[in-house]
Structures are given as C-alpha cells and as structure tokens.
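Report on the following structure.
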Amino acid sequence: MNVSTVRLCSSFVVGVAAGAGFVIFYNANASCFRRRATGITPVRRHSLSASKEKSSVAAAVNDEIVAEQFTRNVQFFGVEAQKKVADAFVVVIGLGGVGSHCAHMLLRSGVSNLRLVDFDLVSVSSLNRHALATRGDVGTSKAECLKSHFEKIYPEAQIEAKVMLYERSREESLLGGHPDFVVDCIDNIETKVDLLAACVRRNIQVIACGGAGAKCDPTRIRLVDIAESAVDPLVRAVRHRLKREYRIETGIWVLLSTEKPKCDLVR
C-alpha cells in the first residue's frame, strides 16, 4: 500500500468515525442537550434575524425534498432522535483529511447548523484525502470550499465558514453562539490544547481526534476519555499540556487509533 493510499484511508476512516461518533453520542446523550427542534427540518438559530429565521423555518418544515433526503436517517434513529440531530449546532475546527470527512458526514446525517473553521487553502497535494475538494478548488480556502459543496448537498442547512486559525483571542468568534458540540480535528498541539481548554471552560461538549497519518485499520479505532489516551503520541502530548497548564486530566472524549503507523509521511 503506497503512502497516498494510506493517507486517504486513514483520513476517511477517522473523519467518518468522528462524524458518526458525534451522531451516535449525541443521540445516546440527548437528555444532556437542548431540545428545541419541532421538526426534522433545520432550525436556523445563530446569525439570522428573528423574522428571517421564522420564514426560513416555515418554508423548510413543508419541504418534501428535505423529508425525503433524510428518510433513511429517520428509519434508523427514529423521528425524535433525528429532530435533535437536525437542530444541533456543531463547530468543526480543522478541515483537512479528517475534518473535511467529519463535517461532510455530519451534513449527510442531517446536522443543519455547521460552523466550519480552517485558515488553510486547498492544495493539489491534499486532493488525495480531502472529502470533496476538486482541482477547481485548489487555491481556495478549505472552509469556503466545503461551504460551497455543502450548499449543493443540503441547501437548507445553515453553513458558516470561518477562514482563520484558532487562537485564544478568537475564542468568542469561533465558539460563540452556544454550539452543542465541537469536533477538534486540529493537528497542532498548542492550538489543540487551547481549544480543548476553552471548550471545558465554556462547558461545551467536544470530541478530539488523534493522529490519523499512516493508519488504515478501522477495527483499531477507539472512543476513549483523554485519561486513557497514552497510545496516541499526539493526544498524549496534548494530555500532558492540558494537565500542566489547565489542570485538566479527564472529561474530554478522544477518537484515536491503537494502530501503529505503517510508514513515515512526507509533510
């Protein structure tokens, strides 16, 4: 298996697992979250005026296309559970090989309020593992790239693209609006630590993704508490920093693989 194939497999597997992990975790813990949905169709609740929000929701409730699009989701989860998913507001930070697949699966699952955050641009070398980018997207921001494709897949969804790097000074801009969930797909230790600490302080549910490079065995993926993450070098370093700088030792869910990397990857 060559490096490109390994990268593609690992990115897809972890990204999809992160998206699926949110949906399953969200449904399993529904009592912990707000229950505002009145239908399976989206409730646009952040950054829209009240009148526009009311008219948008009224139009969406009667949209037979939306209902048909998520028929299989309803059959699997049930109506009430799918309502909660539709009403969820999720922030995905880091939109590379892992984050782009995660955000994509969240949208396909019916999550109707997404904030997409990444400072980077789509490059030719990232096309082998990005969820939706094409050669025509090269040079555009990853956040705007996904938003453009998402609007074609699920036009009724509220998609917000933030072309910026997560920093402490931007916490309110990126985590404001009372998100139900944050998915951390960042591969930088310092940025990851600051984001996770902010989520804990704000009492926002968060799933952090470990390293996915050069791994391709889906049977080795685990969802564990960060206290049990010694097997993953990236998360292990993040755990030590969180403990030292913020006295956080547990309470953060981490998606990681116990598989050892197959090879070294060129960065």
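The values are calculated or read from the model by the stated rules, or taken from the named source; none is laboratory data. Everything quoted here is computed from the prediction, not taken from an experiment. Quick reminder, even Gly has a Cβ in these numbers, built from the backbone with ideal geometry, and neighbours come from all protein chains shown. Note: accessible area is taken over every heavy atom of the protein model, side chains too, but ligands, DNA and RNA are not part of it. Shrake-Rupley method; radii C 1.70, N 1.55, O 1.52, S 1.80 Å.
For the stretch 136-156, which positions are in contact with a Leu (Cβ under 7 Å, 6 or more places away or on another chain) and either of a type in the set (S, T, N, Q) or open to solvent by 10 Å² or more (accessible area, probe 1.4 Å) (or both)?
Once the filter is applied, which keeps residues that are in contact with a Leu (Cβ under 7 Å, 6 or more places away or on another chain) and either of a type in the set (S, T, N, Q) or open to solvent by 10 Å² or more (accessible area, probe 1.4 Å) (or both), the stretch 136-156 yields Gly139, Thr140, Ser141, Lys142, Lys147, His149, Ile153.
Any residue that is open to solvent by 10 Å² or more (accessible area, probe 1.4 Å), at pLDDT 95 or above, part of a helix (DSSP H, G or I) and over 26 Å from Gly211 (Cβ atoms) - is there at least one of those in the stretch 82-99?
no
Tell me yes or no: at least one residue of the stretch 133-144 is hydrophobic (A, V, I, L, M, F, W, C), closer than 30 Å to Ala67 by Cα, under 14 Å from the mean Cα position of the chain (by Cα) and in a helix (DSSP H, G or I). Walk me through how you get there before you give the answer.
Filtering the stretch 133-144 down to residues hydrophobic (A, V, I, L, M, F, W, C) leaves 133, 138, 143.
Narrowing the set further to residues that are closer than 30 Å to Ala67 by Cα leaves 133, 143.
From what's left, under 14 Å from the mean Cα position of the chain (by Cα): 143.
Restricting the remaining residues to those that are in a helix (DSSP H, G or I) gives 143.
The answer is yes, given that some residue of the stretch 133-144 is hydrophobic (A, V, I, L, M, F, W, C), closer than 30 Å to Ala67 by Cα, under 14 Å from the mean Cα position of the chain (by Cα) and in a helix (DSSP H, G or I).
Kindly evaluate Leu234 against the criterion of being assigned to a loop (DSSP other than H, G, I, E, B), open to solvent by 20 Å² or more (accessible area, probe 1.4 Å) and either within 17 Å of Val98 (Cα to Cα) or at pLDDT 95 or above (or both).
Details: assigned to a loop (DSSP other than H, G, I, E, B): no; open to solvent by 20 Å² or more (accessible area, probe 1.4 Å): yes; either within 17 Å of Val98 (Cα to Cα) or at pLDDT 95 or above (or both): yes.
No: the conditions fail for Leu234.
Can you pull out the residues in the stretch 156-195 that are farther than 17 Å from Phe89 by Cβ and part of a helix (DSSP H, G or I)?
Listed by number, the residues that qualify are Arg168, Ser169, Arg170, Ile189, Glu190, Thr191, Lys192, Val193, Asp194.
Kindly provide the set of residues from the stretch 104-122 that are crowded, with 24+ Cβ neighbours inside 10 Å and touching a Leu at 6+ places or on another chain (Cβ under 6 Å), ordered by number.
Leu116, Val117, Asp118
Could you list, in sequence order, the residues of the stretch 196-222 that are more than 22 Å from Arg247 (Cα to Cα) and in a strand (DSSP E or B)? Give the derivation first.
Narrowing the stretch 196-222 to residues more than 22 Å from Arg247 (Cα to Cα): 211-222.
Matches in the stretch 196-222: Ile221, Arg222.
Pick from the stretch 173-198 the residues that are closer than 17 Å to Leu106 by Cβ and buried (at least 24 other Cβ atoms within 10 Å of the Cβ): which of them is farthest from the chain's Cα centre (by Cα)?
This residue is Ile186.
Tell me, which residue of the stretch 239-258 that is without any contact (Cβ under 8 Å) to a residue 12 or more places away in the chain and in a helix (DSSP H, G or I) is most open to solvent (accessible area, probe 1.4 Å)?
Out of the qualifying residues, it is Arg244.
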